[in-house]
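**Student:** My questions will all concern the structure given below.
Coordinate-derived values only; no laboratory data. As the structure is a computational prediction, the values presented were derived from the model and not from experiment. Reconstructed Cβ throughout: ideal geometry from the backbone, glycine too, with neighbour counts over all protein chains shown.
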Ligand SMILES: [Fe+2]
Ligand SMILES: [Fe+2]
């Protein structure tokens, strides 16, 4: 075997097991998020907040797509998805919903950036790029919410 193309995973601080655990943690964050957005879309009332309701409805689809990708990758890496979503009921007020979600989206950006770094250390290029792409999606969600909140 050509030594130049051999990857010595012991030379990195990231193991496949640690990456699978990180992907599973993020899978649960995504499931938590799309369940919360689904409920929040149903809870939002008032014509003034209709754009927020539309945003939640469209983001449910985005977050399901993120969750599906994470589940696929956990399986591909030899892991087993373990479901443990946070089922805490969402806040009642729209402003409070948006403030909580802006924080959660910012945390997701940080988590995806960390997962991209871990995937890069394991030379998993497509996973690394997809984690960066999903970080960008979450940052767009955060920016849209920030604009709708008008603060
Ligand atoms: Fe997401
Ligand atoms: Fe998001």
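**Student:** Between residue 76 and residue 17, what length comes free when the chain is fully extended (0.36 nm per residue of separation minus the Cα-Cα distance, one decimal in nm)?
**Tutor:** This chain segment gains 20.0 nm when fully extended.
**Student:** Using Cβ counts within 10 Å as a stand-in for footprinting exposure, how do 129, 38 rank, fewest first?
**Tutor:** If I rank by nearby Cβ atoms, fewest first, I get 129, 38.
**Student:** On full extension of the chain, what length is gained from residue 136 through residue 149, given 0.36 nm per residue of separation minus the C-alpha to C-alpha distance?
**Tutor:** Working it through step by step, the gained length comes to 2.7 nm.
**Student:** Run the helix sum for the chain: -39,500 (n - 2.57) per DSSP H stretch of 4+ residues, divided by residue count, reported at 222 nm to the nearest 500 deg cm²/dmol.
**Tutor:** -25500 deg cm²/dmol
**Student:** In a solvent-free Debye calculation with one equal scatterer on each Cα, what is log10 I(q)/I(0) for the chain at q = 0.08, 0.11, 0.19 Å⁻¹, listed in the order of the q values?
**Tutor:** Taken in order of the listed q values, log10 I(q)/I(0) reads -0.26, -0.47, -1.10.
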